[in-house]
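Just so it is clear, none of the values below were taken in a lab; they were calculated from the coordinates. Keep in mind that what you see is a predicted model, and the values were worked out from it rather than measured. Glycine gets a Cβ as well: all are built from the backbone with ideal geometry, and neighbour counts include every protein chain shown.
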Amino acid sequence: MNILRRGRLSAEPDEDITQFTSSMEADISLFEADIELDRAHVVMLREQDIISAGDCTVILSGLEKIKKDGISALDASYEDVHIALEAQLIEMVGEETGGRMHSARSRNDEVATCIRLSLREE
């Protein structure tokens, strides 16, 4: 089950709903901006002593591997590229460490910043 929906729903949503709510196809252009934003955010979390040096290193290494290899699951079961990236990171490094990446950050701010970063490159 999707990391956004786990714990709230007992069953997977209907395929039509999944397709309707997914922006994966449009969001894939934000992949590199999302990686860079996540990296900067993780460094800030470390500098503010919100996460440990060990967690910072593990998360940054995971993000680098995902940047190099790409996201393994680009399908509508993930609402967007941000969720797919986070899910893959958590799968790689574990929920306790990978889940810390989004501490002190609004998803809306994340999405808006990724869009702005991506537009700078165009």
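At 7 Å along the Cα-to-beta-carbon direction for both Ser52 and Asp69, put a label point, then send me their distance in nm to one decimal.
2.4 nm
Using a Förster distance of 22 angstrom, determine the FRET efficiency expected from the C-beta separation of Ser61 and Arg107, and round it to 0.05. Intermediate results must be reported in sequence, preceding the final value.
Values: r = 24 Å, r/R0 = 1.07.
So, using R0 = 22 Å, E works out to roughly 0.40.
Can you tell me how region 36-122 classifies by the Cα gyration tensor, rounded, prolate or oblate, using a/c under 1.5 as the rounded cut? If you can, show how the numbers build up before the last one.
Details: a/c = 1.62, a/b = 1.18, b/c = 1.37.
Verdict is oblate for region 36-122.
Using r as the Cβ-Cβ distance of Glu91 and Leu119, and R0 as 30 Å, what FRET efficiency do you calculate, to the nearest 0.05? Walk me through the numbers on the way to the answer.
On the way: r = 30 Å, r/R0 = 0.99.
Step by step, r from the Cβ atoms, then E = 0.50.
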